Amino acid sequence: MAGRGPPPLLFWVGDRALDIIGAVTTALRGSAAALGFALAFAAAVLLRTSAQNRAPAPVESEADIPPIPGDVARALSFGFRSLLADTTLLQAIQLLPQRHGDMAPDVAGRIDRRLFRLLEYAVDVDPKFAGAYRFAASALPHETMDGKVYGALKTLQIMEKGLRERPDDWHIGFLLGFLQSYYLRDFTAAGRSLATAAKQPGAPPWIGLLATRLAAQGGELQIATSLAEAMLSQANEDATSKEWQDRVDALHMERDLRAIEEAAQRYRELKGVPPRSVHALVAAGLLYPVPHEPHGGRYLIDADGTARSTVSERLRAYGLTTRFEIHE
């Protein structure tokens, strides 16, 4: 038997064993793949369920401001009112990113209302909270592509309180003045707000110049002139003094031009024709004396009754021609 190979039966048994082992291995591989797929599917389901449970609730169903009114909470906070106000402001900061520019007005409106409630509550709890006022001025008003503005009036409500409570913070007066002039086109009120801001320590000099320009455009020449003269008296540098002297001169010119235009209107009503010159107004007893143009020029009257200087432009606020449709 030496030198002979294994019997054919053993070959068959060996081949069959290999087939069986291969089949088992294939089955195990298939089972492992199926098991892995099942585990992955189960993990995906669990993750989705967890994500849905952790997802932010709709805006209207989230926890809102505490049920206690802000002024009452301030009295009951026992020295922790700053902490309560900070927490409420943080809620507002976290809420703001949920509002997008392409949202439907009714959806954005729900976010706006809650944002206002949070910020109003923060300043009710701590009326001196300058950070809440500054954030409100930036977060509440927003424009749409079709020229509509939302939140401006609610912002005005908060910022007017801010100016009363924190007139020492020039940022608040400036932000309020911007709101009043840019969105609401109330130049008189804007001039007053900016004038308050300009008088505070650390306020940039240009705020006072802007305040006088807006006050003049709004007809508050006395406020504008008083502010400019006060700034001129406090100036301790030649460049600053010249800047404020130029503004005082511009305000005096604006005063003269308005007086000329009023006299020209009365002249037309009395004689039926427009006046040809400033001297005609003086001769008619409607203006006295001949106003002195502070820049060295002369005053002229156009055919439509508009007065102007030959050397200097009138004090006007430029770039504020857009009119917004205010919505809340």
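Any chance you could look up the accessible area of E328 with a 1.4 Å probe, heavy atoms only, rounded to 10 Å²?
Rounded to the nearest 10, that gives 100 Å².
Report the semi-axes of the equivalent ellipsoid for the stretch 189-245 in whole Å, largest first, where each axis is √(5λ) for an eigenvalue λ of the Cα gyration tensor.
With the √(5λ) rule applied to the stretch 189-245, the semi-axes are 18, 12, 8 Å.
Along its principal axes, what span do the Cα atoms of the stretch 132-227 show, with the longest given first and each in whole Å?
If we take the Cα atoms of the stretch 132-227, the spans are 38, 27, 19 Å.
So if I average 1/r over every pair of distinct C-alpha atoms in the stretch 234-307 and take the inverse, what Kirkwood radius in Å does that give? Intermediate results must be reported in sequence, preceding the final value.
Working: mean 1/r = 0.0745 Å⁻¹.
Computed over Cα pairs of the stretch 234-307, the Kirkwood hydrodynamic radius comes out at 13.4 Å.
Could you give P(r) for the stretch 95-146, binned at 10 Å from zero, as whole percent values over all Cα-Cα pairs?
All Cα pairs, binned at 10 Å, distribute as 23, 51, 21, 4 percent.
How are the Cα pair distances of the stretch 277-328 distributed, in percent, across 10 Å bins from 0?
Cα pair-distance distribution for the stretch 277-328, in percent: 20, 37, 22, 13, 8, 1.
Rounded to whole Å and sorted largest first, list the principal axis extents of the Cα atoms in the stretch 143-296.
Dimensions of the stretch 143-296 along the principal axes of its Cα atoms: 52, 45, 27 Å.
Between L96 and Y182, what length comes free when the chain is fully extended (0.36 nm per residue of separation minus the Cα-Cα distance, one decimal in nm)?
Working it through step by step, the gained length comes to 28.8 nm.
The values are calculated or read from the model by the stated rules, or taken from the named source; none is laboratory data. All of these numbers come straight from a predicted model, not from anything done at the bench. Calculation scope for accessible area: heavy atoms of the full protein, side chains included, ligands and nucleic acids excluded. Shrake-Rupley method; radii C 1.70, N 1.55, O 1.52, S 1.80 Å.
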